[in-house]
1. Hey, residue 48 hits all of (1) closer than 30 Å to residue 167 by Cα; (2) at pLDDT below 85; (3) touching a helix residue (DSSP H, G or I) at 6+ places or on another chain (Cβ under 6 Å) but one; which does it fall short on?
2. For region 74-125, give me each residue that is assigned to a loop (DSSP other than H, G, I, E, B) and at pLDDT 80 or above.
3. Of (1) in a loop (DSSP other than H, G, I, E, B); (2) in contact with a strand residue (DSSP E or B) (Cβ under 9 Å, 6 or more places away or on another chain); (3) free of Cβ contacts under 8 Å to residues at least 40 places away in the same chain, residue 162 satisfies all except one. Which?
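The values are calculated or read from the model by the stated rules, or taken from the named source; none is laboratory data. None of these values were measured; they are calculated from a predicted model. Cβ coordinates were reconstructed from backbone atoms using ideal geometry, including for glycine residues, and neighbour counts include every protein chain displayed.
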């Protein structure tokens, strides 16, 4: 029973962060289009986090509660298996917490795409806002920014999952809105509108 509880807590912790882990895995695998595959899980994330914490709480309660003394003359084996030890439960708890916190530190897995850009004429700089559907965390933002910044002529890219958009400044002599749109679509997220500024 205890092993099932530990397994369920690990599964729910991984599932809770799957929508944020997928963009990083997509980047590593070179298949950025699959990044938004698990974005449908995001609305369930608070429930999965709660389930993980509840299950870990039950596991720790069972592990730490005093055992009832049995009055018998039989031999007992006091050595517990590693998978049933407090150490193993501690490792599982740390793993679950690392998985649950993944959206907050996932940006570190994206390579820097900063580039030196020389702009000859400010009149060549345009700004466009893309309304994007499917971004659920800072990992999604980093993924969109990473793909946009691969293009030549990008001055600045600011994606926001909270606002559901990406505001991009670019040199119109080096790239255009269509190329930027293709880069965003390559991540797997859906563009629902674009507004030129």
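1. Result: residue 48 passes all but (1).
2. Those that are assigned to a loop (DSSP other than H, G, I, E, B) and at pLDDT 80 or above: 81, 85, 101.
3. Among (1) in a loop (DSSP other than H, G, I, E, B); (2) in contact with a strand residue (DSSP E or B) (Cβ under 9 Å, 6 or more places away or on another chain); (3) free of Cβ contacts under 8 Å to residues at least 40 places away in the same chain, residue 162 violates only (2).
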